[in-house]
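Below you'll find the structure, written out as structure tokens, and then a few comments.
The values are calculated or read from the model by the stated rules, or taken from the named source; none is laboratory data. Worth saying up front: this structure is predicted, and the values here are computed from it rather than measured. Quick reminder, even Gly has a Cβ in these numbers, built from the backbone with ideal geometry, and neighbours come from all protein chains shown.
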Amino acid sequence: MRLGILRSNGVWEIESFVDDVAAAADAGFSSYWIPNLDVQVDSLMALAIAGPRVPGIELGAGIVPVWTQHPLALGQAALTAASVLDGRLSLGVGIVSKPAVEHTWGIPFERPITFMREYLEILHPVLANKPVHYTGQLLTARAPAILPVAPEPPLYLAALGTQMLRLAGSHSDGAILFLTGPKTVANHTTPLLSAAAKAAGRPAPRLMAGIPVLCTDDVEAGRKLAGKKYAAWASWPHYRAMFDLEGVNGAEDIALIGNEAAIRDGLRAYFAAGADDVLCYEFGETQTDLRRTRACLTELVKEAA
């Protein structure tokens, strides 16, 4: 049972972030991921600072939205971070959601599958430190190898729907999910991802399932908190489709909420469905909630060791 931490709240201060990465490494978590939100530190820069001070844990930047920087620029940043992280950097990219893209950045959310395919076709050779000469419908790239001394970080794609999962299998090293239930992982995600990788002649893809986790005795309060925290997500078409496939109303029905035994059972269901890793997005209203959740997950890591 390979468990990672998916940083759940904004990171405003680097030292406390480094401390949390160190605590996760000491506890035995296999990975620590930080998304590139528009209201916190840059994920690649933060990991490049933390990594040399915290050995022995995979460090994931993701999801990094693809709309705001050219793949050559993202590749340059990722390789720079990789050069100081001893082969422990992983990179996750995604199209995010139409409301976020158009509202936050004012960028038209047009032809996302084509845009992502071309982005990956440029980014993969860049990360492998190969020259790129590419002219697509939406993107162009012409560059020599950027940083030959840097190790190649694996590249993962945020994927929920059929087209994006097929793209993840054929053009990346695997997929990162969020708020996708175990039934959907077993019947939808895993078959599509694996078939696409096989058809493309690629190795078996890695599947990472990100899921909100709250260890508590007050399940009803936890469900209300999850419903409030992720209320908007139920209206976003790609997440609404995942909820419908799972047969649930919203995030409050997907998040793992309950006591230690309930959390253990919920996590095991994801591994049984085909996930290689579960990335735990700890949430709660108080520091007591967060401490209990981390303690519960730490104990499960120890049991699995």
Quick count over segment 227-251, residues being assigned to a helix (DSSP H, G or I), of a type in the set (G, A, S) and in contact with a Gly (Cβ under 8 Å, 6 or more places away or on another chain), is 5
Go through segment 214-236 and give me each residue that's in contact (Cβ under 8 Å) with a residue 60 or more places away in the chain and under 23 Å from L157 (Cβ atoms). A232, W236
Kindly indicate whether any position in segment 210-231 is within 23 Å of W33 (Cα to Cα) and among the hydroxyl-bearing types (S, T, Y). yes
Which of the residues belonging to segment 172-202 are farther than 15 Å from A272 by Cα, part of a helix (DSSP H, G or I) and within 17 Å of the chain's Cα centre (by Cα)? L193
Examine segment 275-286 for a residue that is among the hydrophobic types (A, V, I, L, M, F, W, C), more than 23 Å from N9 (Cα to Cα), crowded, with 20+ Cβ neighbours inside 10 Å and in contact (Cβ under 8 Å) with a residue 24 or more places away in the chain, and state whether such a residue exists. yes
When every residue in segment 4-38 that is surrounded by fewer than 20 Cβ atoms within 10 Å (Cβ to Cβ) and of a type in the set (D, E, K, R) is compared, the one farthest from I95 (Cα to Cα) is D26
Tell me, yes or no, whether segment 71-82 has at least one residue that is over 29 Å from L300 (Cα atoms) and within 16 Å of the chain's Cα centre (by Cα). yes
Options A221, A231, A186, A261: the member that is at pLDDT below 95, surrounded by fewer than 22 Cβ atoms within 10 Å (Cβ to Cβ) and more than 24 Å from A61 (Cβ to Cβ): A231
Checked Y270, Y239 against criteria (in contact (Cβ under 8 Å) with a residue 60 or more places away in the chain, out of contact with any Ser or Thr (no Cβ under 7 Å at 6 or more places or on another chain), farther than 20 Å from S90 by Cβ and of a type in the set (F, W, Y)); the one match is Y239
In contact with a Pro (Cβ under 6 Å, 6 or more places away or on another chain) and in a helix (DSSP H, G or I): is that true of I122 in this structure? yes
Subset tally (residues that are touching a strand residue (DSSP E or B) at 6+ places or on another chain (Cβ under 7 Å) and of a type outside the set (A, V, I, L, M, F, W, C)) for segment 120-130: 3
Flagged in segment 137-151 as part of a loop (DSSP other than H, G, I, E, B) and of a type in the set (A, V, I, L, M), in numbering order, are L138, L139, A145, I146, L147, V149, A150
If you go through segment 148-164 one residue at a time, do you hit one that is modelled with pLDDT under 95 and either more than 25 Å from A241 (Cα to Cα) or surrounded by 18 or more Cβ atoms within 10 Å (Cβ to Cβ) (or both)? yes
Could you run through segment 58-68 and say how many residues are polar (S, T, N, Q) and at pLDDT 95 or above? 0
